[in-house]
1. Mind checking whether some residue in the range A:214-222 is open to solvent by 30 Å² or more (accessible area, probe 1.4 Å), aromatic (Phe, Trp, Tyr) and not in a loop (DSSP other than H, G, I, E, B)?
2. Return yes when A:Thr150 is touching a residue at least 40 places away in the same chain (Cβ under 8 Å), buried (at least 17 other Cβ atoms within 10 Å of the Cβ) and either away from chain B (no Cβ under 13 Å) or out of contact with any helix residue (DSSP H, G or I) (no Cβ under 7 Å at 6 or more places or on another chain) (or both) and no when it is not.
3. Quick check: anything in the range A:157-169 farther than 27 Å from B:Gln88 by Cα, β-branched (Val, Ile, Thr), more than 10 Å from chain B (Cβ to nearest Cβ) and touching a helix residue (DSSP H, G or I) at 6+ places or on another chain (Cβ under 7 Å)?
4. What about B:Ile238, is it free of Cβ contacts under 8 Å to residues at least 60 places away in the same chain, under 30 Å from A:Lys103 (Cα atoms) and not small (Gly, Ala, Ser)?
5. Yes or no: A:Val107 within 14 Å of chain B (Cβ to nearest Cβ), within 16 Å of the ligand (Cβ to nearest atom) and touching a helix residue (DSSP H, G or I) at 6+ places or on another chain (Cβ under 6 Å)?
6. Would you mind telling me which numbered condition in (1) within 11 Å of the ligand (Cβ to nearest atom); (2) assigned to a helix (DSSP H, G or I); (3) not β-branched (Val, Ile, Thr) B:Ala19 fails?
7. Considering the range B:266-304 alone, what residues qualify as being under 16 Å from B:Leu235 (Cβ atoms) and either modelled with pLDDT under 95 or touching a Phe, Trp or Tyr at 6+ places or on another chain (Cβ under 8 Å) (or both)?
8. Across the range A:34-60, what is the number of residues that are open to solvent by 10 Å² or more (accessible area, probe 1.4 Å) and not in a loop (DSSP other than H, G, I, E, B)?
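The values are calculated or read from the model by the stated rules, or taken from the named source; none is laboratory data. Since we're looking at a predicted model, the values are computed, not measured. With ideal geometry, Cβ positions are generated from the backbone for all residues, glycine too; neighbour counts draw on all protein chains shown. These area figures cover heavy atoms from the full protein model, side chains too; ligands, DNA and RNA do not enter into them. Shrake-Rupley method; radii C 1.70, N 1.55, O 1.52, S 1.80 Å.
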Amino acid sequence: MDVAVDVTEIKRADLLQMYYYLRLTRGLEDRITALYRQGRIVGGCYTSHGMEAIAVGYASALERDDVIAPFHRDMGAFLIRGITPGEVLAQYLGKRTGPTKGKDGNVHMGDIKRGIIGFVSHLADNLPVATGVALAFKIRGEHRVVFAGTGDGGTSRGDFHEAMNFAAVRMLPVVLFCTNNQYAYSTPLRLQMAIPDVVDRAKAYGMPGEIVDGNDVAAVYLAATRAVARARAGLGPAFLEFKTMRMHGHSEHDPAKYVPRELLEEWKKRDPILKAEHLLTQLGYGDITLFQEITERANKEVEAGVEFAEQSPLPEGPEVLEGVFADSADDH
Amino acid sequence: MTTTPAAGEVTYLEAISQALDEEMARDERVFLMGEDIGAYGGAFRITEGLLEKYGEWRVLDTPLAESGFVGAAIGAAMMGMRPVVEMQFADFISCAFDQITEVAAKNHYRWGAAVPLVIRAPFGGGIHGGPFHSECPEGWFFHSPGLKLVAPSTPYDAKGLLKAAIRDPNPVLYFEHKFLYRRAKGTLPEEDYVVPIGKADVKLVGRDISVITYGAMVHLALEAAQVLANDGIALEVIDLRTLIPLDTDTIFESVGKTSKAIILHEDNKTGGVGAEIAALLAEQCFDQLDGPIMRIAAPDTPVPFSTPLEEFFLPKTGDIVAAARKLKEY
Ligand SMILES: Cc1ncc(C[n+]2csc(CCOP(=O)(O)OP(=O)(O)O)c2C)c(N)n1
């Protein structure tokens, strides 16, 4: 989009790894959708179908001890940070082996040890929190970075703006992002904001911003790498707008009739997986045989995860009472 | 509760839709605001068809910004409009907490300007919504003078109380229970009616124990009453319908008769509406009481997601039966 992308900066192994995670995300979420249709998922089910490149791209640009505060369509980031497909599925099935032990569902999960701030439904609530994580890094002089985002809808909330402002004023090592998939539930962008590009919201806070093709994993990775390097070097926060399209409904129960079919047809051609395959082929990094091999490896992992989740126990009722307060063992 | 309405019956959800439609037709100052309430018809399809009927200036899809659109509704209300705001889920009302408690609630008291605003908040559990889609946030507002709080349990009350709320010159928080949307059914009068705010309903007359409750729990209390009838224990079930102003007359009268009280709600126990009612009974009905005031409520934890956890969390018919049997012994 508005920034030229030199993909030769990315190593073959890294790109292939990203391709693997694109496939793992797609495979896992397709499986979750299928389970949902069979009535086996407890509660709602939100997927990143068509948007997988964003989470895979940014999470790949981070170091192990960086922290993410993901958005509700960032499955790829959870996987890259080390949450296994089995744990994700256990979470969706309400099992004790999921990251929240059945206390919460779907993508509402986090893991402080893996540097994942637990998702809060109230959109944008986690962005001020992310600035606080960055503040801790800054106060302690640690060269760690926080990557936190929300959707286009989420950027309308005061908490988004308050976080942007605080991050900018204090030059905090945080990269804030928006996955602009053009709709917030059924609300089109034009009823959400009177500007076509969310990135303009960054200008008001004196923060550099960039528009990135959210369906191009290499572009996401490179933009994230640049913003993270800047933040790590103490140059302050940045904002990234990933342009993309949500290819499924808001959740799997939503047929999304409010989205024109032609728009979906157009974005289907820009599918992030096809795009990644095209790029890998062009660079001579892979061919159809390799893609198939990787896809199979990813799907196997998903199936192993399904088995793990299905065999996992449900929590027992009284476990509801556990964990309201932390004890000294939880201190970190 | 079965799920398909019989002929002539409407669901709780339809009753709410009817109230909105009729009030919009009756009074052109009434308009709706909320996320996805227009073309989509709202997350629960309550406003379906209203955009086509009344146009985009009376059914406004808002940006995702609860504090912003509740504040805007307060401003419009002060100018003589009658905004009805939909929270997609009651849980997100916390994002607008400041506007509701600091602006809407105190406005008339401070400088005499009325805020005729309604906020519809789909609340409650039993739907596997987890900690952020199942909350009962009425307790947060119960403590803020200047707001009226209603929580209907039947289609009749849902329609009548919503109409009363829209016609009321004060900010009214209307807690509609998601679990009842398609489960509670009933027949409605043909003609226009309101259910007055501030009046409890004695759902079942009984001599032994008063069960004071509201929302989805009313149905649980009625179920328990059936079980207990076999033991020869007659529950009196009071559906509060309105939490603020609280109908203490009806509560005191009932407890004066039965001498025993169980307070039942789905919200967490500590500091909930039930705690206040228990305190009032201790203060005002001490002489009449023949046993301890009992409270049945959810434990003090967030609402959990997984089925066995949520089942454990929510009050059950058995809890009421057990409490009533114990209380009967006194
Ligand atoms: C504060 C708040 N209000 C309402 C909701 C209900 N809700 C869940 S997702 C959603 C739309 C989100 O849109 P966007 O941020 O653009 O992300 P998308 O789901 O489109 O990817 C809404 C309104 C919420 N989660 N949080």
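1. Yes, some residue in the range A:214-222 is open to solvent by 30 Å² or more (accessible area, probe 1.4 Å), aromatic (Phe, Trp, Tyr) and not in a loop (DSSP other than H, G, I, E, B).
2. No, not satisfied.
3. Scanning the range A:157-169 turns up no residue that is farther than 27 Å from B:Gln88 by Cα, β-branched (Val, Ile, Thr), more than 10 Å from chain B (Cβ to nearest Cβ) and touching a helix residue (DSSP H, G or I) at 6+ places or on another chain (Cβ under 7 Å).
4. The answer is no for B:Ile238.
5. no
6. All conditions are met except number (1).
7. Listed by number, the residues that qualify are B:Asp290, B:Gly291.
8. Summing the residues that are open to solvent by 10 Å² or more (accessible area, probe 1.4 Å) and not in a loop (DSSP other than H, G, I, E, B) in the range A:34-60 gives 4.
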